[in-house]
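The values are calculated or read from the model by the stated rules, or taken from the named source; none is laboratory data. All figures in this text were calculated on a predicted structure; none of them were measured in a lab. Using ideal geometry, Cβ is built from the backbone for each residue, glycine included, and neighbour counts are taken over all protein chains shown. Side chains are part of the model used for accessible areas, which takes the heavy atoms of the whole protein and leaves out ligands, DNA and RNA. Shrake-Rupley method; radii C 1.70, N 1.55, O 1.52, S 1.80 Å.
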Amino acid sequence: MRALKLTGPGTMELVEVPVPEIADHEVLVKVTAAGLCHSDLHILHQDENWPFFGTTLGHETAGLVDSVGAAVTGLVPGEAVLVRALWACGECRPCRLGADNACAVTGTRTMFPLTPGLGADGGMADFIKVDARHLEKIGELDPLVAAPLADAGLTPMHNVNSVLPYLTEGATVVVIGIGGLGHVALQILAAAAPEARVIAVDTDDAKLDLARSRGASLVLKPGPDAAARILAEAGEHGVDAVLDFVGVQPTIDLAMSVVRPEGAIRIVGLGEGHAQINADLSGEPLPWGVTVQRAYGGNIADQRAVIDLANRGLVTIESTAYPLAEAQRAFDDLAAGRVAGRAVLVP
Ligand SMILES: [Zn+2]
Ligand SMILES: [Zn+2]
């Protein structure tokens, strides 16, 4: 079978490898779609110290059950499944508390839990082998829509859930970056917090048009007047929550300059910016009481919730399909900002 391997800093290769053998608790999944994520670009451009060279890329995988190990129950060949992106142990204290995205067994205090494409072989291949407990049934969902739910659905679901307590009547939420994750966040907000006023920020006109069509009441580009325009819309006291799907310094600065005291900032994008907290008497740069969080992915409940929204037609993912053999073109298009919605590789 074919597998897209990360071979070194900045290099990947589609190679022939044996179809994996499955153990009793595992399932062989025939891949039908593998989403391409901005984080795959980050992975591709790590330096020579990156521990995961030789791994098959891909943490957003949909497919059909091909065969199951002797101990697997409840899954039959031909069934459509989503491969969860976080392979937690399911037994440790964080897992039992529902924070499997902070699993203490497959992850450490500073390293995220085991993730296909990051240590375990991922889904940019003809087949993937998965422990049965990391699979979710997806019914009739289009694989091109389903695959990105493993991250582009999961991660915004988790972050929206974490700010829902802030989105009471009259609330305003700012979504920065209307790409693969941000455009899903808008839909989840419409479903989960229909009363909240949504402001969308992006550099791209087409993405702002998309945001407007998804219910944003104000769309704007970042720039020197962005904070003032947001405060003019939301009120001078600030917005209740900011979801930053970019994470570069200007977007984090924007988030900190519009959030209200006791509000929430969620930094999702891996743009390498930083949020500063000063232990002094001023409300600068961060107002009093603001919670700033960056979480890895989301938990199993978030994953199931966003699959449910997709099955009910409340979340749809705009995707652009590329043959697996043209993965390099997909990566190049993503790096150049030429992909509408999510790029999805199809074996
Ligand atoms: Zn991702
Ligand atoms: Zn665990």
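General observations
- Contact order relative to length of the chain, as percent, for alpha carbon pairs under 8 angstrom and 6 or more apart: 18
- Antiparallel bridge percentage (DSSP; both residues within the chain; nearest 5): 55
- Rh by Kirkwood over Cα pairs, then Stokes-Einstein D for the stretch 122-191 at 0.890 mPa s and 25 °C, µm²/s: 173
- Estimated distance in nm for a label pair at residue 73 and residue 335, the labels positioned 7 Å out from Cα along Cα-to-Cβ: 4.9
- About the Cα centre, charge dipole magnitude for the stretch 48-174 (Lys/Arg +1, Asp/Glu -1 at Cβ), debye: 480
- Cα gyration tensor shape of the stretch 155-293, rounded if a/c is under 1.5, else prolate or oblate by comparing a/b with b/c: rounded
- Sorting 181, 281, 324 by solvent-accessible area of protein heavy atoms yields 281, 181, 324, largest first, with a 1.4 Å probe.
- Of every Cα-Cα pair in the stretch 3-111, the percent that sits beyond 24 Å: 39
- Shape analysis of the chain places it in the prolate category; the axes a ≥ b ≥ c from the Cα gyration tensor give an a/c of at least 1.5, with a/b above b/c.
- Percent breakdown of C-alpha pair distances by 5 Å bin, ordered from the shortest bin, for the stretch 108-148: 5, 16, 22, 27, 16, 8, 4, 1
- Percent RCO, i.e. relative contact order, over the stretch 155-293, from Cα pairs under 8 Å lying at least 6 residues apart: 21
- Residue 72 accessible area, 1.4 Å probe, all protein chains in place, Å² to nearest 10: 20
- Near the amide H of residue 122, within less than 5 Å, lie the amide hydrogens of 56, 57, 117, all on another chain or at least 5 residues away, with H placed in the peptide plane.
- A probe of 1.4 angstrom, applied to the heavy atoms of all protein chains, finds residue 288 with accessible area near 140 square angstrom.
- Amide H contacts of residue 12 (H built 1.01 Å from N, under 5 Å, at least 5 apart or other chain): 7
- In Å², nearest 10: area of residue 256 left accessible to a 1.4 Å probe: 10
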